[in-house]
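Below is one structure; the comments refer to it alone.
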Amino acid sequence: MSWLLATPLALPFLTGVVAFLLRGRPAGRWISVAGNVALLAAAGLLMARVLQSGVIAGQMGGWPAPFGITLVADYLSAVMVVITAITALAVAVYALSDIGARAEKLGYHALFNFLIGGVTGAFLTGDLFNLYVWFEVMLISSFGLLVLGGRREQIDGGVKYVTLNLISTILFLSGIGLLYGMTGTLNMADLAGRVAAHENQGLITVVAMLFMIAFGVKAAVFPLFFWLPASYHTPAFSVSAVFAGLLTKVGVYALIRLFTLVFTGDTGFTHHILLWVAGLTMVTGVLGAAAQTDIRKILSFHIVSQIGYMIMGLALYTPFAVAGAVFYLVHHIIVKANLFLIAGVADRVAGSTALARIGGLYKSAPLLAVLFLIPAFSLAGFPPLSGFWAKYVLVAAALEVQGWIIAAVALLVGLLTIYSMTKIWAEAFWKAHPDGRDPTLAQLDPGVRRRLLLPVGALAALTLVIGFYPEPFVTFAKDAAAQLLDPTAYVVAVLGDPS
Amino acid sequence: MNSVILRAGTRYLAPLLLLFSVYMLLRGHNEPGGGFIGGLIGATGFVLYAIACGTAEARRALRVLPQNIAVTGLGIALLAGLAAALFGDALFTGQWLFLGATETEKGLPLSTVLVFDIGVYLVVFGAVLTLVFAMEEEI
């Protein structure tokens, strides 16, 4: 059992080590692809087991629960690991043609796999300090990926990224210290009981706020998101795709995990703040995007605005709303990573991602146009794509508890998202190329074209599948939410049955 | 830096530091010490050498790229953790072998924990040298 949990975590590191020792050689890249295929298989096995027997837990190193490091997989963790593996595999294939020889020589594939290892680690761990370690692994590898190549704007974006993330890390660490001082444990399942039983609930709420700010920076919520649009448009396209898809979502995951499992004593206060944060995040993100004229910058601001929806699901704190947040997470990772990958293809064929300097993609590359329309309309929430169901569940959940204002904000932001997507559509796809260039996909080498478009097509197909058959996904999200809101199964899986 | 005193001193200090780092690594098994501090001390030996004789000379003496040492160390540490699979235990469970153990004698204890510590040693050693060499060369 414990190996089922440990494999998705150990595999990326093993892949990274081998890929680093073979860096600069063709074998290095293929190791990365093979490793991620194996990761997907391991994630699938884990998912199958979780679906079959509910929450599973394993004690690393054979140390029993509150003392050693526990790995836990419930529905939410399992689905996040699967979606991470899918994104990682898509990006690993895309990177075959996207990453230059210089970046490969500097160890791109190793850093990429270490990053994936950090992400799956964060999703699987059941220990708060261990979560901090995975955040650090992610921070170090992502910083490496961000500045790989060393152009001036990359360093500029990288410094902002690392500084703000370090501040969040310090707050996170202080929160961990205080929580350990108060309860004497950092095992999350153990914390759930001890925090609830602590005599000074006011103090607990203060610590909860520390965690909220720390994860808020990682998740890029209002008003802590400024590092994201400052850095995500600078690195290679594969890198920004994996960042856009996964990194902020780890912050959202941590918020969901802690604010459903540990800090549930004063939801009237904490989740009310989260609701304000959600609304403001949605609005500022989408308005920020409206002012941008570069595809990647527009998409970066949209990450921020979409994070708001997920926080909204958590903040409403009803089973239906949390299910919406889970569904939104899954849908969003696929769509957002895909949009960045498409931006990369557009850059390749049309010469830039600045909207003023490109055009004519609809006429010259209709396939790319169709592939763009699927995730773009899904992001905006067009029926019957995956984003429609995600937004539908959230808005319906808000109306259920008479949250008229947040529901209205969610709908309005959806509308403004369409504005940004049509802007990209009109500028990059519809208008003629300003230099009279003919940006066809045929100009790419057939092998390159295949490796760039295959992952894009696969992710778009996944969006369509979720869109046309949302039922099993919504049912799954509801089950995941039920597990989150009643953590008994989680606690029993980790600590054993108290009776 | 071009200093005869430093160069002459380094000639004695560098090997001593390397030897001491191995001592710290092994001592860390039951007493204060271990892979992390051992790796730092070992790296100091080469850092001193790089300051006294230049990074080019230090890189030549090291023979292997420091980043390769670091990543190999990571691999060794990981394999030490994965070894538990052979015995059906959870990841990173220590596996022990008591060489020459009898009824009364405990024998020489060997374990995957030590292998893990050697991995840590190499990670720290390689990572510190990668950073220091890069910074020395920048200046």
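Throughout, read-outs are computed from the coordinates displayed, never taken from laboratory work. From a predicted model like this one, the values you see are computed outputs, not experimental measurements. Because the Cβ atoms are built from the backbone with ideal geometry, glycine has one as well, and the counts that use them run over all protein chains shown.
Numbers for the structure displayed
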{"quantity": "Residues satisfying the stated conditions in the stretch A:103-130, i.e. farther than 14 Å from residue A:249 by Cβ and aliphatic (A, V, I, L, M)", "calculated": "A:103, A:106, A:110, A:111, A:124, A:128"}
{"quantity": "Selection from the stretch A:278-300 of residues that are among the charged types (D, E, K, R) and either touching a Phe, Trp or Tyr at 6+ places or on another chain (Cβ under 7 Å) or in a helix (DSSP H, G or I) (or both)", "calculated": "A:296, A:297"}
{"quantity": "Tally of residues being assigned to a loop (DSSP other than H, G, I, E, B) and under 11 Å from the mean Cα position of the chain (by Cα) across the stretch B:18-43", "calculated": "1"}
{"quantity": "Residue check, residue A:150 surrounded by fewer than 22 Cβ atoms within 10 Å (Cβ to Cβ) and outside any helix (DSSP H, G or I)", "calculated": "yes"}
{"quantity": "Some residue of the stretch B:56-73 being more than 11 Å from chain A (Cβ to nearest Cβ) and of a type in the set (Asp, Glu)", "calculated": "yes"}
{"quantity": "Check on residue B:36, touching a residue at least 40 places away in the same chain (Cβ under 8 Å) and among the aromatic types (Phe, Trp, Tyr)", "calculated": "yes"}
{"quantity": "Residue match in the stretch A:9-24 (condition: away from chain B (no Cβ under 14 Å) and touching a Leu at 6+ places or on another chain (Cβ under 7 Å))", "calculated": "no"}
{"quantity": "Out of A:416, A:441, A:385, sole residue that is in contact (Cβ under 8 Å) with a residue 12 or more places away in the chain, surrounded by 13 or more Cβ atoms within 10 Å (Cβ to Cβ) and closer than 17 Å to residue A:327 by Cα", "calculated": "A:385"}
{"quantity": "Pairs, first within 12 Å of chain B (Cβ to nearest Cβ) in the stretch A:109-121, second hydroxyl-bearing (Ser, Thr, Tyr) and crowded, with 24+ Cβ neighbours inside 10 Å, C-beta under 6 Å, six or more apart", "calculated": "A:109/A:32; A:113/A:15"}
{"quantity": "Identity of the residue in the stretch B:77-98, crowded, with 16+ Cβ neighbours inside 10 Å and more than 9 Å from chain A (Cβ to nearest Cβ), that ends up nearest to the chain's Cα centre (by Cα)", "calculated": "B:77"}
{"quantity": "Residue match in the stretch B:64-84 (condition: over 30 Å from residue A:6 (Cα atoms) and touching a helix residue (DSSP H, G or I) at 6+ places or on another chain (Cβ under 9 Å))", "calculated": "yes"}
{"quantity": "Of all residues making up the stretch A:60-94, the number that are over 29 Å from residue A:110 (Cβ atoms), within 14 Å of chain B (Cβ to nearest Cβ) and not in a loop (DSSP other than H, G, I, E, B)", "calculated": "1"}
